[in-house]
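**Student:** Just dropping this structure here.
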Amino acid sequence: MAHKTWRLVLTGASGGIGQALAKALAPYCASMVLVGRNGEVLEALRERLGPHLVRIVVGDATQEATLDAIAAAAGELGGVDLLINNAGINAFHAFESQAPAALRSLLEVNLLAPMLLTQRLLPQLHQAPSAQVINVGSLFGYLGYPGFAGYCASKSGLRGFTQALRRELGDTSIAVRHFIPRAARTPINAGAVEAMNAEMGVALDEPADVARQLCKFIQGSAWEYKPGLKEALLALVNHLLPALPDRAILGQLPVIRKHMPASVRHAQPRSS
Ligand SMILES: NC(=O)c1ccc[n+]([C@@H]2O[C@H](COP(=O)([O-])OP(=O)(O)OC[C@H]3O[C@@H](n4cnc5c(N)ncnc54)[C@H](OP(=O)(O)O)[C@@H]3O)[C@@H](O)[C@H]2O)c1
């Protein structure tokens, strides 16, 4: 990566994609604020990347105190000009019996926390000659998928937020952008999702590949990154001709149900 050195704030830095991103971006950063809940992983990352460069914030991104700590750390390090909202959770479950608390968490972590952190850091982002906010979304923000109702809602909300804020800040020096990784081999896909992906032959990227793609994206100016032609086409077809993916996903439903926690097959309505 050429040109400037970034003042980075990265959430989800203790996760699969986040750790890979921190390692890939470190040579191009003047300072890094790495955020997550797992202090041990973050401390090891700080040791590896250089304690002089890295400040860690251990906390739950949905809590005001964590937002305060992130803003304070960035301020002490001279500000922020690259915010990557990467923290996220998933919960693969039949919607009908999914715990309301799980749905609330999905929306809080994946949607509300990045919105509130971005708002909190905007004064510092405005100070920079040029700055970027990159929100890490998902193809499921475009494509509703069984077993992921809460996750799809959160990521489609994140896409809407990204587009709206990009336009609202269109006459400023802050670019607000949307990055969509392909399915990757990280803890977010553990358990039932991993088993379903394996049965369906879903190809998984390595976190280091995702980090490379994001580093390249940072250097460009497109508002959004979709990982491949297949994903871009899928999103487009789903938008223009949703009956096609409706039919294809109906065909996948038996396999999805086999892996989906608490899935119940209801009696089919009788056709007269
Ligand atoms: N992997 C994929 O297939 C895939 C595909 C499309 C999009 N994505 C998106 O990519 C992003 C990174 O995911 P990943 O694959 O790297 O998952 P991951 O390995 O599970 O990492 C998730 C990260 O988010 C952090 N996090 C979760 N809840 C948090 C909370 N309440 N407060 C603070 N931090 C929290 C975790 O912190 P702790 O571990 O410290 O708790 C961890 O650092 C997510 O936004 C995900 O939706 C992933």
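**Student:** Yes or no: the stretch 36-46 includes at least one residue that is away from the ligand (no atom under 16 Å from the Cβ) and either assigned to a helix (DSSP H, G or I) or closer than 25 Å to Arg177 by Cα (or both).
**Tutor:** Step one: filter the stretch 36-46 for residues away from the ligand (no atom under 16 Å from the Cβ), giving none.
No, the conditions are met nowhere in the stretch 36-46.
**Student:** Can I ask one more? Given the residues Gly170, Gly147, Gly157, which is the only one that is buried (at least 22 other Cβ atoms within 10 Å of the Cβ) and either assigned to a helix (DSSP H, G or I) or of a type outside the set (A, V, I, L, M) (or both)? Break it down stepwise before answering.
**Tutor:** Working: Gly170 fails: buried (at least 22 other Cβ atoms within 10 Å of the Cβ); Gly157 fails: buried (at least 22 other Cβ atoms within 10 Å of the Cβ).
Matching residue, one of Gly170, Gly147, Gly157: Gly147.
**Student:** Another question, then. Inspect all residues belonging to the stretch 43-53 and state whether any of them is within 23 Å of Leu214 (Cα to Cα) and among the acidic types (Asp, Glu).
**Tutor:** Applying the first criterion (within 23 Å of Leu214 (Cα to Cα)) to the stretch 43-53 yields 44-46, 48-50, 53.
Filter once more, keeping what is among the acidic types (Asp, Glu): none.
No - not one qualifying residue is present in the stretch 43-53.
**Student:** Any residue in the stretch 214-239 that's within 24 Å of Leu250 (Cβ to Cβ) and outside any loop (DSSP other than H, G, I, E, B): show its pairings with residues that are modelled with pLDDT of 95 or more and β-branched (Val, Ile, Thr) at Cβ separation under 9 Å, as long as the two are six or more apart or on different chains.
**Tutor:** Hits for this filter: Glu231/Ile180; Ala235/Ile180.
**Student:** Which one is nearest to Thr62 (Cα to Cα), of the residues in the stretch 120-144 that are more than 16 Å from the ligand (Cβ to nearest atom) and either outside any loop (DSSP other than H, G, I, E, B) or within 16 Å of the chain's Cα centre (by Cα) (or both)?
**Tutor:** Narrowing the stretch 120-144 to residues more than 16 Å from the ligand (Cβ to nearest atom): 122-132.
Those left that are additionally either outside any loop (DSSP other than H, G, I, E, B) or within 16 Å of the chain's Cα centre (by Cα) (or both): 122-127, 131-132.
On the way: Leu122: 18, Pro123: 20, Gln124: 20, Leu125: 21, His126: 23, Gln127: 25, Ala131: 24, Gln132: 22 Å.
My answer is Leu122.
**Student:** Exactly one condition in (1) aliphatic (A, V, I, L, M); (2) farther than 30 Å from Met260 by Cα; (3) surrounded by fewer than 24 Cβ atoms within 10 Å (Cβ to Cβ) is not met by Leu34; state its number.
**Tutor:** All conditions pass for Leu34, except number (3).
**Student:** Further, regarding this structure: Since Leu8 meets every condition but one in (1) farther than 25 Å from Ile218 by Cβ; (2) buried (at least 20 other Cβ atoms within 10 Å of the Cβ); (3) away from the ligand (no atom under 14 Å from the Cβ), which condition does it not meet?
**Tutor:** Result: Leu8 fails condition (1) only.
**Student:** Now, a different point. Quick check on the stretch 15-34. Is at least one of its residues touching a strand residue (DSSP E or B) at 6+ places or on another chain (Cβ under 9 Å) and at positive phi?
**Tutor:** Scanning the stretch 15-34 turns up no residue that is touching a strand residue (DSSP E or B) at 6+ places or on another chain (Cβ under 9 Å) and at positive phi.
**Student:** Given the condition assigned to a helix (DSSP H, G or I), near the ligand (Cβ under 10 Å from one of its atoms) and surrounded by fewer than 19 Cβ atoms within 10 Å (Cβ to Cβ), answer yes or no: does some residue in the stretch 71-90 qualify?
**Tutor:** We begin by selecting, within the stretch 71-90, every residue assigned to a helix (DSSP H, G or I); these are 71-76.
Next, from what is left, pick out any that are near the ligand (Cβ under 10 Å from one of its atoms): none.
No, there is no match, as no residue in the stretch 71-90 is assigned to a helix (DSSP H, G or I), near the ligand (Cβ under 10 Å from one of its atoms) and surrounded by fewer than 19 Cβ atoms within 10 Å (Cβ to Cβ).
The values are calculated or read from the model by the stated rules, or taken from the named source; none is laboratory data. Quick caveat, the model's predicted, so the values are computed rather than measured. So basically every Cβ, Gly included, is an ideal-geometry build from the backbone, and we count neighbours across all protein chains shown.
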